[in-house]
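What follows is a short report on a single structure.
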């Protein structure tokens, strides 16, 4: 049998220690990378209610989706009526065949920095039939910029964000969250982490939300 001296044993122990350290570092780095890709917007709701004790309504929506335009009116009414008890989280889910929707989502996301997301959100849905008929993304962007101007935003900041694609990753993170949750249609709603299903009219949807609020 081959004998090992203490020097050889020391080398083997050192190699094992270094290799174990590499594995631990690689695993930690991988986890951190995944967390960074998900970002804050992609984190699921861990508790039924948020820190302020409000009921949380998550809306997975597409700015070019006609049904989402109808839902936007309902959500707006709920927000106004229950502003102290309801928090609405809009999560972009631009469908593949709505070719202008991703840029519309970027435009809306660009208004978050100026605290005007919901106002811009309403304008996009109210004018969906106009910008939604644009023959190219470039043409649609002209509408998006005009809406920002009409809203009184800092257009220089808005235009820079939209032209540079600054919010593209943000929108993609939203979309990926929807895909990870196996969502296939818009609008889709989650109330305190539970998917809302079975409603056939907007009135029934309102009733389901308000029942949770009560």
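Selection over region 48-69 of residues that are at pLDDT below 95, at negative phi and not in a strand (DSSP E or B) gives a count of 5. Applying the criterion of being in a loop (DSSP other than H, G, I, E, B) and in contact with a helix residue (DSSP H, G or I) (Cβ under 8 Å, 6 or more places away or on another chain) to the residues of region 182-197, the residue that is farthest from residue 84 (Cα to Cα) is 186.
When region 108-126 is filtered for residues that are assigned to a loop (DSSP other than H, G, I, E, B), buried (at least 17 other Cβ atoms within 10 Å of the Cβ) and more than 16 Å from the chain's Cα centre (by Cα), only 116 remains.
None of 162, 196 is more than 22 Å from residue 108 (Cβ to Cβ), over 11 Å from the mean Cα position of the chain (by Cα) and surrounded by 14 or more Cβ atoms within 10 Å (Cβ to Cβ) except 196.
Take the residues in region 87-107 that are assigned to a loop (DSSP other than H, G, I, E, B) and more than 12 Å from the chain's Cα centre (by Cα), then tell me which one is nearest to residue 119 (Cα to Cα). Out of the qualifying residues, it is 100. Looking at residue 176, is it touching a residue at least 60 places away in the same chain (Cβ under 8 Å) and under 18 Å from residue 104 (Cα atoms)? It is true that residue 176 is touching a residue at least 60 places away in the same chain (Cβ under 8 Å) and under 18 Å from residue 104 (Cα atoms).
The values are calculated or read from the model by the stated rules, or taken from the named source; none is laboratory data. Quick caveat: nothing in here was measured; it's all calculated off a predicted structure. All Cβ positions, glycine included, derive from the backbone under ideal geometry; neighbour counts span all protein chains shown.
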